[in-house]
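Undergrad: Got a structure for you, questions after.
The values are calculated or read from the model by the stated rules, or taken from the named source; none is laboratory data. If you're wondering where the values come from, they're calculated on a predicted model, not measured in any experiment. Virtual Cβ from ideal backbone geometry, glycine too; neighbours counted across all protein chains shown. Keep in mind that these areas ignore ligands, DNA and RNA; they rest on the heavy atoms of the full protein, side chains included. Shrake-Rupley method; radii C 1.70, N 1.55, O 1.52, S 1.80 Å.
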2 protein chains.
Amino acid sequence: MTTLSAAKDVLRGVATLVAVDTRAATPIYSQIYQSFRARILSAELRAGQLIPSSRELARYLRVSRFPVLNAYAQLIAEGYFEARVGTGTFVARSLPVTVRADTATRATDTPSPLRSISVRTAALPRYAVPYWVNHAGPFQLGQPALDEFPLKIWAALTSRCARRLDCTALRYGNPFGLDDLREVIAAYLRTSRGVRCAAEQVMIVSGSQQALDIATRVLLNPRDRVWIEEPGYWLVRHVLDGAGCRAVPVPVDAEGLDVEQGIDRCRQARAAFVAPSHQYPLGVTMSATRRLQLLDWAHSAGAWIIEDDYDSEYRYDRMPIGSLQGLDADARVIYIGTFSKVLFPALRIGYIVIPVDLVERFAVVRRSIDMCAPYENQRVVADFIRGGHFARHIRRMRGIYADRCRTLIDAIREQLPGCSIAGAEAGLHVALLLSHDAADREIAAAALQRGVLLAPLSPSYAGTTRRSGFVLGFGTSAAAEIAPAVRVVKQCLSAARALEGTRRATTRRGSFDRMKSRFLDG
Amino acid sequence: MTTLSAAKDVLRGVATLVAVDTRAATPIYSQIYQSFRARILSAELRAGQLIPSSRELARYLRVSRFPVLNAYAQLIAEGYFEARVGTGTFVARSLPVTVRADTATRATDTPSPLRSISVRTAALPRYAVPYWVNHAGPFQLGQPALDEFPLKIWAALTSRCARRLDCTALRYGNPFGLDDLREVIAAYLRTSRGVRCAAEQVMIVSGSQQALDIATRVLLNPRDRVWIEEPGYWLVRHVLDGAGCRAVPVPVDAEGLDVEQGIDRCRQARAAFVAPSHQYPLGVTMSATRRLQLLDWAHSAGAWIIEDDYDSEYRYDRMPIGSLQGLDADARVIYIGTFSKVLFPALRIGYIVIPVDLVERFAVVRRSIDMCAPYENQRVVADFIRGGHFARHIRRMRGIYADRCRTLIDAIREQLPGCSIAGAEAGLHVALLLSHDAADREIAAAALQRGVLLAPLSPSYAGTTRRSGFVLGFGTSAAAEIAPAVRVVKQCLSAARALEGTRRATTRRGSFDRMKSRFLDG
């Protein structure tokens, strides 16, 4: 055998690695390209190896020479092949020779079990689909009465905005948001919430969660200590954990966050996260004394106050209470609001009112996080407010929610005379307080079996001293659903009390676990 | 004077502090409420002080008693007043006695100059409005040809989406985004970008900036060292600085990031941020050898690769190059894409393709950052893709951009024969490289005086060894604008060379600064 024919055999060997199906949807040049790439990645073709000429391969494959030339050009351009003038085409010598799995067919879902991610992210609790995503129900939390939303008006404004869209609106926007929306929000906050601000201080964000995150990033260092409300809103803790801050839980009583206890626990905290208008979950409104104490503390400690005013548009007993920000003579309050409760959550628009001297720093951080808010949503919200629909919607919803709240309170007083209620003057939820030792999580599990979604209160505590109870949303409850649902709560509480009695009696005989599982299943 | 009449005088003194204007738009009860609150906050009324009865005040102010009763009820409810049965109404004794500025009139914009914010935020560079916000022009960067966007189709789809909106779509969504959009994106990426993924791995985000931020937060710890491209995209540096990571600049040459140099500089880096399809700003495509070297390094170092594939839809010389992610047999690549360049930036929709084992951690972090993406934009994008408009738009734009790119290259070759061009095979920009010592910032300032926006290349470097040049966008340039703009660049370069000659000649005589300022003034 001559050297030449030996070389031809080798090339034929290479050629046989390339499979082409002329009836396939994939173009032939692409099939040739992919065959070569896969053989190189799997190390069947090695760096430096000679490749048949395009003419030879075309003849061997019985295809036109054009797709072969195209494939070779692509492989050369991407660096899998190299052409040496007068010598031929080779697998690039610079390619590393590691043998790889066939990446065209191997799945990516078999990584090694332990892979290093950030320490803070690894420490966050497991993701669970929030109960309100899949379960609607009379006590659903965090959602307004979406079936009362004026969809037709919204659709008309959206269509008008889309028709009027011109290409200048399609560009990257200002990290603060649409100027027109900032202006209507500033005007609304000045008159309705007693917030002292100009439009220049308003930044449009994607909701109060992003506002909490941005404020944390701008203001706080890792290891900074921060007051949080105890009990409080769980996603505040996530934000602080994510930033490496140390949360200092400060008890909330009937007047709101207990500032003196906060000072006792950590006078030098760098910030306090509070919801003074309508605390979550207890629903209390912070008293004037506590507000002024908090501002005095922040002033003397050089601390920031992050005021989350997430649902204060709905107040049922008197005129709405002004914001804490409006009392602040030292520009220490970062005010946060959202349209999630007054319009709808899937809109993803909220806002931050920023002290004048911090406006520029917030802009820098915002840009590095996600540039700016989307244009069209902002335009429609601004039109909705300017058109008077916003004020009308709030007025109307306040009446609906006040009715639902009253129905709920009446039902609780009638069916559950031993329970106390907190936070029924405002917002979209009340807290139902049980005696200290009631197992609210177990009772909630039992209620879910009976089709009633109950959010237990105790998980809202960061510390170990917890009150038992439930956070009952009434935003989405039709009035007729409320009394029957409260009756289910009553039955679950009675069953739990009976079980508790049996537990005491039977623990010694070890039969408790069987009973409990029967209860939870049934 | 009897004690009683003395007390009455005191009460009259209190009453005179309350001013009411019956012709004002503000309701009388609100005026009374605000007067009292302001006097308490300014310490003109002190804690424990007796307040006139509602009857007395009404008589004194010559108004009906109802608004006075309403105001008192509000002040009691908020905790400014306290009522003691049988004794009267007092300023609450628990109020702190600090004298405050009159918060109703004082502006918040005079805080002390030094206020503590986070160390990382304080270290970020000053916010400047990006030049592309206010200056359109032939070499504008980062923006696609928005005047070619199919606005009518978009508006029709938006209107249809708004008309069909039902209230279940208004709820909080999944942190991953709309399932339907995730599916069409996964299908698009598999066929067009060679990304290996299922819809479950796709998270909808607000653009590539948020994707970079989320990936950084999930994967990296403060002080972790991270390879970045040198030169590279400036906002990657912001993200890493904001997270407290240490960027290790790794030079980019004609084959992309130089992996061997990266290993020399920092073998144990935790991640590499790369744009292998079309690097910013040099426009190079990473060769097969470098891709495989990078994957080998990541595998052996246990490092992550963040692949930013921001504009690879536009490739002019051959078929698009598959993603780096598609070559990865070890699930170490986080793939990032965006609709900012192929649709429009103000849409704020991008995506991350996440290795299967990290999907849950990304969800937890995403929820704590901003819950989820807004519904309507996602719906419209999904409809736009499913309707075939997306593929048609990309095809059409590829032709337009290829023309513009060719026109630009021809003009540069003709007018600036001494300059070299990089990255003209793909994307929406090319790099024009000058000799090392040319002052690209000064030349850009001079060009701006002549109405041409030029982005200097040297600020894209993190280190001190910098190449001079310009990053020329051609996405927004009408073909007819290009040659005249290149002529302006030529004039500015000539002027700079002349100035440089004069500078050498005149530096000893100290007249350079005068000349320079004359030149810059134009």
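Undergrad: Leaving ligands, DNA and RNA out of it, rank B:Glu313, A:Glu200 by accessible area with a 1.4 Å probe, largest first.
TA: A:Glu200, B:Glu313
Undergrad: Compare B:Asp264, A:Asp330, B:Asp308 by solvent-accessible area with a 1.4 Å probe and give them largest first, with all protein chains kept in place.
TA: Ranking B:Asp264, A:Asp330, B:Asp308 by accessible area, largest first, yields B:Asp264, A:Asp330, B:Asp308.
Undergrad: A further question follows. With a 1.4 Å probe and all protein chains kept in place, how much accessible area does A:Glu82 have, in Å² rounded to the nearest 10?
TA: Here the accessible area works out near 50 Å².
Undergrad: Looking at the range A:217-262 only, what percent of DSSP beta bridges run antiparallel? Nearest 5 please.
TA: Bridges in the range A:217-262 that DSSP calls antiparallel: roughly 25 percent.
Undergrad: Express the carbon and sulfur contribution to the solvent-accessible surface of the range B:48-97 as a percent, rounded to the nearest whole number, probe 1.4 angstrom.
TA: With neighbouring chains kept in place, the figure for the range B:48-97 is 56 percent.
Undergrad: Moving on to the next point. Helix-only estimate, please: 222 nm mean residue ellipticity of the protein assembly as shown, summing -39500 (n - 2.57) across DSSP H runs of length 4 or more and dividing by its residues, to the nearest 500.
TA: Roughly -14000 deg cm²/dmol at 222 nm, from the helical runs in the protein assembly as shown.
Undergrad: Can you list, shortest first and in nm, the gaps between the label point of A:Ser116 and those of its counterparts in the other copies, using a point 7 Å from Cα in the C-beta direction?
TA: Copy-to-copy label distances for A:Ser116: 3.1 nm.
Undergrad: Now for a separate question. Report the A-B buried area as the accessible area lost on both sides summed, probe 1.4 Å, in Å² to the nearest 100.
TA: Answer for the A-B pair: about 11000 Å² buried.
Undergrad: Oh, and also: Enter the accessible area per residue of chain B (Å², integer; probe 1.4 Å; all protein chains in place).
TA: It amounts to 40 Å² per residue over chain B.
Undergrad: Roughly how much of B:Val239 is accessible, in Å² to the nearest 10, using a 1.4 Å probe?
TA: Taking all protein chains as shown, B:Val239 has close to 10 Å².
Undergrad: Please work out, to two decimal places, the log10 of the ratio I(q)/I(0) at q = 0.07, 0.08 Å⁻¹ from a Debye calculation in which every Cα of the protein assembly as shown carries one identical scatterer.
TA: Ignoring solvent entirely, the Cα scatterers give -0.72, -0.91.
Undergrad: For every other residue with a beta carbon closer than 13 angstrom to the beta carbon of A:Leu282, add +1 if it is Lys or Arg and -1 if Asp or Glu, then tell me the sum.
TA: Taking every Cβ under 13 Å from that of A:Leu282, the sum is -4.
Undergrad: Sort B:Thr168, B:Thr502, B:Thr158 by heavy-atom solvent-accessible area, probe 1.4 angstrom, most to least.
TA: Result, largest first: B:Thr168, B:Thr502, B:Thr158.
Undergrad: Note down the magnitude of the dipole of the protein assembly as shown about its Cα centre, charges +1 on Lys and Arg C-beta and -1 on Asp and Glu C-beta and zero elsewhere, to the nearest 20 debye.
TA: Charge dipole of the protein assembly as shown: 260 debye, to the nearest 20.
Undergrad: So if I take the centroid of the Cα atoms in the range A:331-406 and the same for the range B:272-294, what is the distance between those two points in Å?
TA: About 41 Å separates the Cα centre of the range A:331-406 from the one of the range B:272-294.
Undergrad: What is the percent carbon and sulfur in the accessible area of the range A:206-362, measuring with a 1.4 Å probe over the protein chains and ignoring ligands?
TA: For the range A:206-362, the apolar C and S fraction of the accessible surface comes to 47 percent.
Undergrad: Out of the chymotrypsin sites (Phe, Trp or Tyr not before Pro) in the range B:39-83, which ones are loop residues according to DSSP with at most 12 other C-beta atoms within 10 Å?
TA: Filter output for the range B:39-83: empty list.
Undergrad: Something else now. For peptide B:138-146, what's the mean number of Cβ atoms from other chains within 10 Å of each residue's Cβ?
TA: 2
Undergrad: Let me ask you something else. Please find, among residues of chain B, the one with the beta carbon closest to the rotation axis relating it to chain A, distance in whole Å.
TA: B:Ser159, 2
Undergrad: While we're on this one: Amide H of A:Trp304 versus every other amide H placed in the peptide plane: which residues, excluding those fewer than 5 positions away on the same chain, fall under 5 Å?
TA: Amide H neighbours of A:Trp304, under 5 Å, 5+ apart: A:Ala271, A:Ala272.
Undergrad: Only protein chains counted, 1.4 angstrom probe. Which residues of the range A:163-204 are at least 30 Å² less accessible in the assembly than when their chain is isolated?
TA: Residues of the range A:163-204 that lose at least 30 Å² of accessible area once the other chains are added: A:Leu165, A:Cys167, A:Leu170, A:Arg171, A:Tyr172, A:Arg196.
Undergrad: Moving to a separate point now. Return the subset of A:Lys341/B:Lys152; A:Lys152/A:Lys341; A:Lys152/B:Lys152 for which the Cα-Cα distance in this structure is over 29 Å, preserving the input order.
TA: Exceeds cut-off: A:Lys341/B:Lys152.
Undergrad: Further, regarding this structure: Roughly how crowded by other chains is peptide B:64-73, in terms of the mean Cβ count from those chains within 10 Å of each of its Cβ atoms?
TA: The shielding value for this peptide is 1.
Undergrad: If ligands, DNA and RNA are left out, what is the accessible area of B:Arg441 with a 1.4 Å probe, given in Å² to the nearest 10?
TA: Looks like 130 Å² after rounding.
Undergrad: Cα gyration tensor of the range A:294-422, axes a ≥ b ≥ c as square roots of the eigenvalues: rounded (a/c below 1.5), prolate (a/b > b/c) or oblate?
TA: oblate
Undergrad: Among DSSP bridges having both ends in chain A, what percentage is antiparallel? Round to the nearest 5.
TA: 60
Undergrad: Quick one: grab the alpha carbon gyration tensor of the range A:403-511, order the square roots of its eigenvalues as a ≥ b ≥ c, and give me rounded if a/c is under 1.5, else prolate or oblate depending on whether a/b is larger than b/c.
TA: It is prolate, given that a/c is not under 1.5 and a/b is the larger ratio.
Undergrad: Along Cα→Cβ at 7 Å, what distances in nm separate the B:Trp234 label point from those on the other copies, shortest first?
TA: Its label point is 4.2 nm from the equivalent points in the other copies.
Undergrad: To continue, here is another question. Just counting partner chain Cβ atoms within 10 Å, what average do the residues of peptide A:316-328 show around their Cβ?
TA: Shielding by partners across A:316-328 averages 3.
Undergrad: Can you tell me the 0 to 90 degree angle between the C-alpha axis of helix A:288-301 and the longest principal axis of chain A, rounded to 10?
TA: Approximately 50 degrees, to the nearest 10.
Undergrad: Hey, got a sec? Which trypsin sites (Lys or Arg not before Pro) in the range A:12-53 land in a DSSP loop and have at most 10 other Cβ atoms within 10 Å?
TA: A:Arg23
Undergrad: Now for a separate question. Round to the nearest 10 and give me the degree value, 0 to 90, for the angle of helix B:208-219's Cα axis relative to the longest principal axis of chain B.
TA: Approximately 80 degrees, to the nearest 10.
Undergrad: Provide the percentage of antiparallel DSSP beta bridges, counting only those with both residues in the protein assembly as shown; round to the nearest 5.
TA: 60
Undergrad: Additional query: Report the relative contact order of the range B:250-357, percent, no decimals, based on alpha-carbon pairs under 8 angstrom and at least 6 residues apart.
TA: Relative contact order here is 22 percent.
Undergrad: Between 0 and 90 degrees, rounded to the nearest ten: what's the tilt of helix B:389-415 against the longest Cα principal axis of chain B?
TA: Helix B:389-415 and the main axis of chain B meet at about 60 degrees.
Undergrad: Considering only the label points, 7 Å along Cα→Cβ from Cα, what distances in nm to one decimal separate B:Arg497 from the same position in each other copy, shortest first?
TA: 9.6
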